[in-house]
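Written below as structure tokens is the structure these notes are about.
Computed from the coordinates by the stated procedures, all read-outs in this text should not be read as laboratory data. Just so you know, these numbers come straight off a predicted model, no measurement behind them. Note that we place each Cβ from the backbone using ideal geometry, even for glycine, and neighbour counts take in every protein chain shown.
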Amino acid sequence: MYEEINFPGQREGETIILFLRRHWFIFFMRLLLIIVSVIGLITIYYLFIFLNSNFQESEYYNLLLFGESLATLFIWNFFFILWLDYYLDAWIVTNERIINIEQRGFFVRNISELKLTKIQDVTSEIIGVIPTLLDYGNIYVQTAAEKERFTFYQIPRPNRVKNAIVQLQEKEEKEEERELGKIIRGNG
């Protein structure tokens, strides 16, 4: 399913099981804020024109256009930041590890990885009416490592993802035990 996706640092024989981003509804709600801001700018412009029919000839008209242009620039920049945050935040679950890619602003990206054999507990959490109806929530992966918790924020179908991670983790542990048994018996 994810054969066409490759990522830097992908190991030979490593296959992508899940490629996750935040639920589309999260981006949509943030997009609504931008849409309301654009409607507000348009309303302000036409309000000034409506209240004063000679406003386009006044000396304040250029000031209004400058303010509206500046606000549009900030709104566009805010949209771009939201899009980058949505699109570049990703969680990749492979047959060997979990990779957390987190984009913060334009120039900060954190990439963490966790071997499946280091997982101690996986918890899914859905809180609220809308998340329940749209089936999105958080997943917490507990480890004994320095970074104790990996968090998958607002992802679709968290219960299915949790079950898939647990199955992969159990399969990887059995494989590791089998390899260790071969080494102990002197077959490896």
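General observations
- Residues that are touching a strand residue (DSSP E or B) at 6+ places or on another chain (Cβ under 8 Å) and farther than 21 Å from Thr15 by Cα within the stretch 158-188 comprise just one, Asn159.
- Looking only at the stretch 57-96, and only at residues there that are farther than 26 Å from Phe28 by Cβ and in contact (Cβ under 8 Å) with a residue 40 or more places away in the chain, the one that is surrounded by the fewest Cβ atoms within 10 Å (Cβ to Cβ): Asn95
- When Arg30, Arg11 are checked against the criterion of being part of a loop (DSSP other than H, G, I, E, B) and in contact with an Asp or Glu (Cβ under 9 Å, 6 or more places away or on another chain), a single residue qualifies: Arg11.
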